[in-house]
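One structure below.
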Amino acid sequence: MTPAAAGGGSIRVRGPGLLTTVQDLGRHGLAHLGVPTAGAADRRAFGLANRLVGNPPEAAALEVTVAGPELELETGGWLALTGGRVDADLDGRPVPMDVAVRAEPGQLLTVGTVTSGLRAYLAVRGGIAVEPVLGSRSTDTLAGIGPPPLREGTRLPLGELVAGDPFQQVAPTPPIDPEPLLGAVRGPRDDLFTDGALATLIGTAWTVSPDSDRTGIRLDGPELARRRELELASEGMVEGSLQVPPDGRPILFLANHPTTGGYPVIAVVAGRDLPLAAQARPGSRLRFRFVPAAAARDSGPGSIGPGLSGRM
């Protein structure tokens, strides 16, 4: 990642919200050191926010989870909110989503509660220019790498990392799916599970557990029975892995997943569908369907990694 130049302005945090973090495209190529990728959980919404304000894809933005922050835009500038639906106002005036909005110096942006979906993204023209750590500005909530979640009184520097003009029309965006259907490739350890378990995986509307976060989504539902018990050595994990611990209930790994794990992976969710999973609220439901490995590989950033070919 090319660091953004400082000097583009600043934001002062008046209230941090429930969990607001700095995110970009993450730390790549460090899994062998035990460092997760991290980065935005919903890369589709993150990318749109940056495009709307004229930032390049690698510019850092803010990821808002459940309830948003109160931010003083000390130097003003262009901003955009995308992702989960959220009410926001700028000095008391409503801020629309999915469009670039101009803020004047000193104005106060208040981001409310996410009412549809789970995560919203706030991009500001120039990008959030906190100091990179291991090549990324992302907050890693698993390894504790990068800037901490927002705190009251923090000042966030803005950079001058821009690629084009703000887009001043509303971007067409689909509504948040309340029960998304996620494509997944079987394997690499599906042979350890019964045929009934594989049928159960795709035949169940799984409930998102409250015990879920940026690391992964715990799913409540029937047990996925194993064909045989086998102790596995730790294996590499990728975003989208559906790992099944001894209780038989799968965990869907998200952006802050561990780099290795010892429980079998029954399937891997296609990259194009991970943004849908990132917006799943506790209590909502997810469904899965099996797709060919070739289709999953063609699904863009966040696709299943090499070596996890899966089987149909």
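Results, tabulated for the structure shown:
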{"item": "Residue match in segment 76-97 (condition: in contact with a Ser or Thr (Cβ under 8 Å, 6 or more places away or on another chain), under 30 Å from Ser234 (Cβ atoms) and either among the hydrophobic types (A, V, I, L, M, F, W, C) or in contact (Cβ under 8 Å) with a residue 12 or more places away in the chain (or both))", "result": "no"}
{"item": "Condition check for Phe167: surrounded by 14 or more Cβ atoms within 10 Å (Cβ to Cβ), of a type in the set (Phe, Trp, Tyr) and under 27 Å from Ile251 (Cβ atoms)", "result": "no"}
{"item": "Residues that are among the small types (Gly, Ala, Ser) and in a strand (DSSP E or B), drawn from segment 119-176", "result": "Ala120, Ala123, Gly126, Gly127, Ser136, Gly159"}
{"item": "Glu63 being of a type in the set (Asp, Glu) and over 30 Å from Arg285 (Cα atoms)", "result": "no"}
{"item": "Within segment 177-186, considering residues that are assigned to a loop (DSSP other than H, G, I, E, B) and touching a helix residue (DSSP H, G or I) at 6+ places or on another chain (Cβ under 7 Å), the one surrounded by the fewest Cβ atoms within 10 Å (Cβ to Cβ)", "result": "Asp177"}
{"item": "Long-range neighbours under 7 Å by Cβ, at least six apart or interchain, first residue assigned by TED's automatic domain parsing to the domain that holds Leu198 and under 15 Å from His28 (Cβ atoms) within segment 234-262, second crowded, with 22+ Cβ neighbours inside 10 Å and among the acidic types (Asp, Glu)", "result": "Ala255/Glu239; Asn256/Asp140; His257/Glu239"}
{"item": "Members of segment 118-163 that are on the phi > 0 side of the Ramachandran plot, in contact (Cβ under 8 Å) with a residue 60 or more places away in the chain and either out of contact with any Asp or Glu (no Cβ under 7 Å at 6 or more places or on another chain) or of a type in the set (Asp, Glu) (or both)", "result": "Gly127, Leu134, Gly135, Gly153"}
{"item": "Subset of segment 12-37 [free of Cβ contacts under 8 Å to residues at least 60 places away in the same chain and closer than 14 Å to Gly68 by Cα]", "result": "Leu18"}
{"item": "Considering residues of segment 56-69 that are within 12 Å of Leu122 (Cα to Cα) and of a type outside the set (A, V, I, L, M) only, the residue farthest from the chain's Cα centre (by Cα)", "result": "Pro69"}
{"item": "Of all residues making up segment 216-233, the number that are more than 24 Å from Ser284 (Cα to Cα) and without any contact (Cβ under 8 Å) to a residue 40 or more places away in the chain", "result": "7"}
{"item": "Boolean, Pro174 is at pLDDT below 95 and not small (Gly, Ala, Ser)", "result": "yes"}
{"item": "Subset of segment 109-127 that is buried (at least 24 other Cβ atoms within 10 Å of the Cβ) and closer than 16 Å to Leu156 by Cβ - its residue that is nearest to the chain's Cα centre (by Cα)", "result": "Tyr121"}
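The rows are residues; the columns are (1) within 30 Å of Gly106 (Cβ to Cβ); (2) β-branched (Val, Ile, Thr).
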residue: Leu25; (1), (2): no, no
residue: Leu30; (1), (2): no, no
residue: Ala40; (1), (2): yes, no
residue: Arg44; (1), (2): no, no
residue: Asn55; (1), (2): yes, no
residue: Val64; (1), (2): yes, yes
residue: Ala67; (1), (2): yes, no
residue: Gly77; (1), (2): yes, no
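The values are calculated or read from the model by the stated rules, or taken from the named source; none is laboratory data. Keep in mind the model is a prediction, meaning the values are calculated, not measured. Cβ atoms come from the backbone with ideal geometry, glycine included; neighbour counts cover every protein chain shown.
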